[in-house]
Every structure is written in structure tokens, then in C-alpha cells.
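The next block holds one structure in the form of C-alpha cells; read it before the comments.
The values are calculated or read from the model by the stated rules, or taken from the named source; none is laboratory data. The structure displayed is predicted, hence computed values, not measured ones. All Cβ positions, glycine included, derive from the backbone under ideal geometry; neighbour counts span all protein chains shown.
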């Protein structure tokens, strides 16, 4: 796992503010929480800030959320650095790939997915590819163990991957023909490969 640190100063914008639309949305989210509990909105506000800022969270966005919620900057920074869903440095314009590196995915071939990332994107995680389109990192369990190995790209999971099918998924983000999220084999969600094997009759 990579260290969770902010991008260097030369990559940081001087300031960040929610757009008028996002600030209205943030106020509505904050209002959902009981009086005195508004700081519980920190995760959704950070998520929206990341979406607004090209898919990653700069220091100024973290401080902006802290100011809105009346929190110390360090408290919001603790949240942003704890969760791998928050990206702390510039990422690929087309796809940021989070590859699951925990035991089920490793046993089912995740090493081949890492090989694709190091060859096709960058030899090291948390670096943007030469064309600016891709970036990648290793993360902990993403909750699709039964369909291992898998990756998360933006908000969607791609599962039951091989090196070949993973490359096709990546290419789809460039050629405008993205693959359908979910299993990349003949499987319905987490059902057995090839279809149900038991309880196939409606008769009792």
C-alpha cells in the first residue's frame, strides 16, 4: 500500500471553492444531520469536492470543507488520508484504476493486473501515464471477492478479469466504447459461472 500523502506544493491549486450548485447541494446535505452533528457530512462533502476537482482532492479543497463544517483542518485531513476513495494527487483524465491487492484477488490472478498497470500506465503507482489519460494504485478489499480479481475505475467495478480483458477495459475508456461494469465473463453478478446449479425448479 502507498503512503497517503498530499500532492507536492507545485501540484496544488492556490484556492478551491465549491461552485454555486455544489454549495447549494452541500448545504442541503449538512441540513440532514441533527444540530451539533453537522460535521458528519465531511465524507459526502469531500467526495463532491473531489468530483469537482478533476477526480482528486487538493489541500485547498480539504481546507474549504473544514471551513464549511467548522472543523480543524487536521480533522478533515485525517478523513481524507484514511479512505482510499479520496485521491490526493492528480490522476488520469480518462481513468484512475484502483486494483484490489488483498488475498482473494491475489489468489485469482491480480498479479497479472498489476503487470498490465506497470506496463500500460506507469511502472510505479500514483503516477499519471505519459499521455495523461491513466493512473493506478493498489488498494485493500473492494468488496467483490467472489468475482476476483477486480478493479475499481471511478465509481464502477470491473470483475472476473484477466490481463487480456483488463486491457480491453482500459482501451474502452480511450476509444469511447467503455466496457459494461461488473463481471467480464459470462456471469450474472455473483451467480455461479454458467448459471445456477441448484434450486432451478420452482416446484417445492
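Residue check: is residue 66 in contact with a helix residue (DSSP H, G or I) (Cβ under 8 Å, 6 or more places away or on another chain) and surrounded by 21 or more Cβ atoms within 10 Å (Cβ to Cβ)? Write out each step before concluding.
On the way: in contact with a helix residue (DSSP H, G or I) (Cβ under 8 Å, 6 or more places away or on another chain): yes; surrounded by 21 or more Cβ atoms within 10 Å (Cβ to Cβ): yes.
In short, yes.
Suppose we keep only residues that are under 18 Å from the mean Cα position of the chain (by Cα) and over 28 Å from residue 54 (Cβ atoms) within segment 143-159. Which one would you say is surrounded by the most Cβ atoms within 10 Å (Cβ to Cβ)?
In the first step, residues of segment 143-159 are kept if they are under 18 Å from the mean Cα position of the chain (by Cα); the result is 143-145, 147-159.
With the extra rule that they be over 28 Å from residue 54 (Cβ atoms), the set shrinks to 145, 147-148.
Details: 145: 18, 147: 23, 148: 21.
Checking each candidate, the answer is 147.
Is one or more of the residues making up segment 108-120 within 15 Å of the chain's Cα centre (by Cα) and at pLDDT 95 or above?
Within segment 108-120 (the criterion being within 15 Å of the chain's Cα centre (by Cα) and at pLDDT 95 or above), the answer is no, since none of the residues qualifies.
When you scan segment 88-98, do you find a residue that is under 20 Å from the mean Cα position of the chain (by Cα), in a loop (DSSP other than H, G, I, E, B), in contact (Cβ under 8 Å) with a residue 40 or more places away in the chain and over 25 Å from residue 143 (Cβ atoms), even just one?
As a first pass, look at segment 88-98 and keep what is under 20 Å from the mean Cα position of the chain (by Cα): 88-98.
Still in the running and in a loop (DSSP other than H, G, I, E, B): 88-94.
Still in the list and also in contact (Cβ under 8 Å) with a residue 40 or more places away in the chain: 88-94.
The next check asks that each one be over 25 Å from residue 143 (Cβ atoms); those that pass are 90, 93.
Within segment 88-98, one or more residues are under 20 Å from the mean Cα position of the chain (by Cα), in a loop (DSSP other than H, G, I, E, B), in contact (Cβ under 8 Å) with a residue 40 or more places away in the chain and over 25 Å from residue 143 (Cβ atoms).
Go through the residues of segment 153-164 one by one and say whether even a single one is under 29 Å from residue 61 (Cβ atoms) and touching a residue at least 40 places away in the same chain (Cβ under 8 Å). Steps first, answer last, please.
Applying the first criterion (under 29 Å from residue 61 (Cβ atoms)) to segment 153-164 yields 153-158.
Then drop every residue that is not touching a residue at least 40 places away in the same chain (Cβ under 8 Å), which leaves 153-154.
Within segment 153-164 (the criterion being under 29 Å from residue 61 (Cβ atoms) and touching a residue at least 40 places away in the same chain (Cβ under 8 Å)), the answer is yes, since at least one residue qualifies.
Considering only segment 9-41, how many residues are assigned to a loop (DSSP other than H, G, I, E, B) and free of Cβ contacts under 8 Å to residues at least 40 places away in the same chain?
First, pick out the residues of segment 9-41 that are assigned to a loop (DSSP other than H, G, I, E, B): 12-19, 32-37.
Next cut, free of Cβ contacts under 8 Å to residues at least 40 places away in the same chain only: 19, 32-37.
Of the residues in that region, 7 qualify.
Looking for whichever is in the same structural domain as residue 157 (by TED's automatic domain parsing), free of Cβ contacts under 8 Å to residues at least 60 places away in the same chain, closer than 23 Å to residue 160 by Cα and assigned to a loop (DSSP other than H, G, I, E, B) here; the options are 142, 113. Which one fits? Step through it out loud before you land on a result.
Numbers: 113 fails: assigned to a loop (DSSP other than H, G, I, E, B).
That would be 142, the only listed residue that is in the same structural domain as residue 157 (by TED's automatic domain parsing), free of Cβ contacts under 8 Å to residues at least 60 places away in the same chain, closer than 23 Å to residue 160 by Cα and assigned to a loop (DSSP other than H, G, I, E, B).
Among the residues of segment 110-142, count how many are surrounded by 17 or more Cβ atoms within 10 Å (Cβ to Cβ) and farther than 24 Å from residue 59 by Cα. Full working, then the answer.
Restricting attention to segment 110-142, the residues satisfying the condition of being surrounded by 17 or more Cβ atoms within 10 Å (Cβ to Cβ) are 110, 113-114, 116-117, 121-122, 125-129, 134-139, 142.
Narrowing further to those that are farther than 24 Å from residue 59 by Cα: 110, 113-114, 116-117, 121-122, 142.
Count: 8.
Of the numbered conditions (1) under 16 Å from residue 6 (Cβ atoms); (2) at pLDDT 95 or above; (3) surrounded by 17 or more Cβ atoms within 10 Å (Cβ to Cβ); (4) touching a helix residue (DSSP H, G or I) at 6+ places or on another chain (Cβ under 6 Å), residue 86 fails exactly one; give the number of that condition.
The one condition residue 86 does not meet is (2).
Does segment 126-135 include one or more residues that are touching a residue at least 12 places away in the same chain (Cβ under 8 Å), assigned to a strand (DSSP E or B) and touching a helix residue (DSSP H, G or I) at 6+ places or on another chain (Cβ under 6 Å)? Steps first, please.
Applying the first criterion (touching a residue at least 12 places away in the same chain (Cβ under 8 Å)) to segment 126-135 yields 126, 128-129, 132-135.
Okay, now just the ones that are also assigned to a strand (DSSP E or B), so 134-135.
After this cut, where a residue has to be touching a helix residue (DSSP H, G or I) at 6+ places or on another chain (Cβ under 6 Å) as well, the list is none.
No: zero hits.
Only one of 48, 32, 37 is modelled with pLDDT of 95 or more, farther than 24 Å from residue 154 by Cα and in contact with a helix residue (DSSP H, G or I) (Cβ under 8 Å, 6 or more places away or on another chain). Can you tell me which?
Details: 48 fails: farther than 24 Å from residue 154 by Cα; 37 fails: in contact with a helix residue (DSSP H, G or I) (Cβ under 8 Å, 6 or more places away or on another chain).
None of the other options fit; the residue is 32.
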